[in-house]
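Working notes for the structure below.
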């Protein structure tokens, strides 16, 4: 009997591997059942030894032949599926999108048959729970294990993926440690990159950089960073706001995390970021949406990303708000939680406009809510993103591009998109690992570069100001102007500045100021 799911690598998708290797686990299931699910970036194959390699865009996990789920030629499709799912739970973790698609592909009676293959085994119980959790209903012909003496097992293996403290499901004898609700639950893998970031304990590094620094200097640095982040967030959207608007949004960022996330908070944020409301309808969208271009001649949409259907927004956003509350009250890593909430929001794209800036605000919100940032310092996430804008676009596309091929849409009369198939699952269940790794890199840049750079500048500013006050007793306004002139003219006062604002200075005094500026600001620190 030939294998149902284990697939020879040369026949699989675009993976270039030798003939004798077989693809197994989630990738094999997706491929053989033609599920409308992107092939995972991590795929499992059966070979002669265990190792990890990279082939094109895939990270390939190689397992010995004894690991092949179908090595004993299982007697039926459902038994084979069960064995591949057990393999996947052991070595790949939980893929909720696959489980959701399986619930559409098979009848509830067939799903019950799968879970009853080994009805009280830990993997059967986990599969059983996941099917019912995704479906939102009980499977027929399944037992109730409430009175069983079976040991509780975690639904999510936290050595493979990030979870939260589990809640008992007595019926299944499992601990539901999924980090979200059935309406919104992206998952993040425990990669070497993320484990390394977590081990570095970046939050404590912030305290180290700020050790011994006066409170007023920390507050001044924070105020500047808020403004810097606000401007960067607008710049990412291709806008160059006036200072007043940037300051208002910067102050809003400074308030992040003070209250739990809510629908009303999100709508209030949208009203704050939209300067001219004449052409934008506030609140959750009542029509389709996409990110991309229009054909210059026909006006036909050319989407790079398609937003969630308006009819799905209420449930998706309710799920996101509840998941945000659950995560911020848990012990899950703060940056991982921030990535899930912030990127989940921007992928849903619930508003007609303002989604990008609110998405970046939500990263601040979760970090502040979980007290990742200490001593009142605001993390200028948008500033760090702007410094690596191409990686930001890539990480957004890593979600959007693979899903576009599964979205069916038609052009509307106003050259918008109207999605005609069911796309709800793509927004509630996805792998947020690339987004979490990217956000952690931004946090690292912020902590190790942006914040220390601003603190170092303020220290130099204080030294320069102290010198000016000691010898010239200038008002703060004039000191700031003097410093700006020197910075803009390579440490020299221009003829115009000498003849106007700083005409009272003698040549000798001007030369002393210029030399002191160079000593403080331009000479390399020892």
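Only one of 109, 173, 151, 190 is more than 30 Å from residue 442 (Cα to Cα) and buried (at least 17 other Cβ atoms within 10 Å of the Cβ). Can you tell me which?
Only one candidate passes the filter, namely 173.
Under the condition of being surrounded by 15 or more Cβ atoms within 10 Å (Cβ to Cβ) and in contact (Cβ under 8 Å) with a residue 24 or more places away in the chain, which residue from region 476-490 is nearest to residue 461 (Cα to Cα)?
483
Regarding residue 99, is this residue surrounded by fewer than 22 Cβ atoms within 10 Å (Cβ to Cβ), closer than 25 Å to residue 321 by Cβ and within 24 Å of the chain's Cα centre (by Cα)?
yes
Residue-wise test of (1) over 27 Å from residue 37 (Cα atoms); (2) part of a loop (DSSP other than H, G, I, E, B).
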residue	(1), (2)
97	no, no
101	no, no
109	no, no
112	no, no
123	no, no
132	no, no
142	yes, yes
159	no, yes
171	yes, yes
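Determine which single condition residue 305 fails, assuming it passes every other condition in (1) surrounded by 14 or more Cβ atoms within 10 Å (Cβ to Cβ); (2) touching a helix residue (DSSP H, G or I) at 6+ places or on another chain (Cβ under 6 Å); (3) farther than 15 Å from residue 349 by Cα.
Among (1) surrounded by 14 or more Cβ atoms within 10 Å (Cβ to Cβ); (2) touching a helix residue (DSSP H, G or I) at 6+ places or on another chain (Cβ under 6 Å); (3) farther than 15 Å from residue 349 by Cα, the lone unmet condition for residue 305 is (3).
Given (1) closer than 20 Å to residue 437 by Cβ; (2) surrounded by fewer than 24 Cβ atoms within 10 Å (Cβ to Cβ), identify the lone condition not met by residue 335.
(2)
Every read-out reported here was derived from the displayed coordinates using simple, explicitly stated rules and does not represent laboratory data. Bear in mind that the values here come from a model prediction, so they are computed numbers and not experimental data. Using ideal geometry, Cβ is built from the backbone for each residue, glycine included, and neighbour counts are taken over all protein chains shown.
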